[in-house]
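The values are calculated or read from the model by the stated rules, or taken from the named source; none is laboratory data. Since this is a predicted model, take the numbers as computed values, not measurements. Glycine gets a Cβ as well: all are built from the backbone with ideal geometry, and neighbour counts include every protein chain shown. What goes into the accessible areas is simple: the full protein's heavy atoms, side chains included, and nothing from ligands, DNA or RNA. Shrake-Rupley method; radii C 1.70, N 1.55, O 1.52, S 1.80 Å.
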Amino acid sequence: MLAQLTLQQGTVYDIGRFTSARFGGVAERVGFVSELEGRVSSSIVDRLADQGSGPVLGAEGYVFELERRGYIKAGPFVPEVVLDYPDAVRELHREFLRAGADVMVALTYYAHREKLRDVGREGDLEAMNRQAVRLAREVASEGDALVAGNVCNTWAYDPDDPATGQTVRAMYTEQLGWAAEEGVDFVISETNDYLGEALIAVEVIRDLGLPAMVTLAPTQPDQTRDGYGYAEACRILAAEGAQVVGLNCDRGPLTMLPLVADIRQAVDCAVAVQPVPYRTDAAAPTMETLRSADGDRAFPIALDSFTCTRFEMAQFAAQARELGVDYVGICCGAGPHHVRAMAEALGREVPASKYSPSMDLHPMFRADVAAKDAAFLHSWSA
Ligand SMILES: [Zn+2]
């Protein structure tokens, strides 16, 4: 099972580590020994507990990216692509895997009964959910990634109407039942607006015997829509059995990190943070509140000009690690270049590092730029 990839700087990256543990073999190590050596394990809990290997790196934002690529309709944002263009999903998984993502998240975001009804595909519910897990596992097995099942806010929950809790429970039970049958290593319940809805997910995941990562969508200034401070909500989720708690989506790094610092103080379990790569700030703390110069709402399909550079996301990854975050990731708006920069900021060399920038080889930026080209440089600087 041994394979090697030659990286820049002449190192040899041993991807035998990707396969040796999962298949029980012992890979012969040749040349470069990755700093990730020893982090291979079969459970998210083990990986998070392995302090020496640094945070688990997550990569999400599948819906936004596949919408940009023309495979998902903005508005409903239902992942019909899973059944209609499975190769597009495989490819994006593979790009995130090569960029260093430790987890392949099954694209079942919004693949629930409520949303599929909106687009007239309720009959495809089971097939879409099963196929999404198969695609994630197929690509995860090309490396050493874990596979996460995925559920999200349902838009069906109302804290003042107990009957809606039963509806949500039924939706999660059928989705995650299929995911568990197809084989997932843990489940990510994400973009939760309500603690009450997130707790239903925790119960369903716990009943399936799977580890739960539960993240809240920090759309409000400091509390969930059912009135719990984010840190307090995370403390309750952890007490109810979530192995990983935290925040994802909606906020960019600048406005998400302070909330995460509070959560880190409030819980003993692992903490996750997966911001959107957009430049939110005090005036517009979420991507939903960002406005263009002429005052138009940028969310969700005109956010491009607010996109963080790879360098900003690399800085975020380092800051999150510094705060003691255990699961560092990225959400809507993510591209593989962000993920690779984050992996490298965490000290990792990943398959896509083979093509990391070498600006010293750029014809116009190299130290020994030719005289004929140097003449143009002043126009580039003007
Ligand atoms: Zn997101």
(request) Round to the nearest 10 and give me the degree value, 0 to 90, for the angle of helix 162-182's Cα axis relative to the longest principal axis of the chain. (result) 50
(message) Between 0 and 90 degrees, rounded to the nearest ten: what's the tilt of helix 230-239 against the longest Cα principal axis of the chain?
(response) 70
(request) Could you provide, to the nearest whole Å², the per residue accessible area of the range 159-223 with probe 1.4 Å? (result) 35
(request) Along each of the three principal axes of the Cα atoms of the range 247-345, give the extent in whole Å, ordering the values from largest to smallest. (result) 44, 28, 16
(request) Could you please tell me the mean projected area of the C-alpha convex hull for the chain, averaged over all directions and given in square nanometres to one decimal? (result) 21.0
(message) Testing the spin-label approximation: label points 7 Å from Cα along Cα→Cβ at ASP46 and ARG291. State their distance in nm.
(response) 5.2
(request) Calculate one ³J(HN,Hα) per residue across the range 105-122 by plugging θ = phi - 60° into the Karplus curve 6.51 cos²θ - 1.76 cosθ + 1.60, and present them in order as whole Hz with x for glycine and proline. (result) 8, 4, 7, 10, 4, 6, 8, 10, 3, 4, 6, 5, 4, 4, 10, x, 10, 4
(request) Working from Cα positions, state the angle (0 to 90°, nearest 10) between the long axis of helix 310-323 and the longest principal axis of the chain. (result) 60
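Quick check: at a probe of 1.4 Å, how many percent of the accessible area of the range 65-105 sits on carbon and sulfur atoms? Spell out each step's value before the answer.
Numbers: 690 of 1600 Å².
Answer for the range 65-105: carbon and sulfur cover 43 percent of the accessible area.
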(request) Please state the charge dipole magnitude for the chain, taken about the Cα centre, from unit charges on C-beta atoms (+1 on K and R, -1 on D and E), reported in debye and rounded to the nearest 20. (result) 900
(request) May I ask you to order 131-138, 162-169, 99-106 by the average number of other C-beta atoms within 10 Å around their residues, highest value first? (result) 99-106, 131-138, 162-169
(message) Testing the spin-label approximation: label points 7 Å from Cα along Cα→Cβ at ASP368 and SER356. State their distance in nm.
(response) 2.5
(request) For the range 113-254, with all protein chains present and a 1.4 Å probe, just round the carbon and sulfur fraction of the accessible area to a whole percent. (result) 45
(request) Round to a whole angstrom and tell me the spacing of the C-alpha centers of the range 193-250 and the range 134-178. (result) 14
(request) Please give the contour-minus-distance gain from ASP222 to PHE376: 0.36 nm per residue of separation, less the Cα-Cα distance, rounded to one decimal in nm. (result) 50.3 nm
(message) Taking θ = phi - 60°, what integer Hz values does the Karplus form 6.51 cos²θ - 1.76 cosθ + 1.60 yield along the range 45-61, in sequence order, with x for Gly and Pro?
(response) 5, 5, 5, 5, 7, 7, 4, x, 9, x, x, 6, 9, x, 8, 10, x
(request) With an 8 Å cut-off on Cα pairs and a minimum separation of 6 or more residues, tell me the relative contact order of the chain in percent. (result) 16
(message) Taking all protein chains in place and a 1.4 Å probe, what share, in percent, of the accessible surface of the range 295-335 do carbon and sulfur account for?
(response) 53
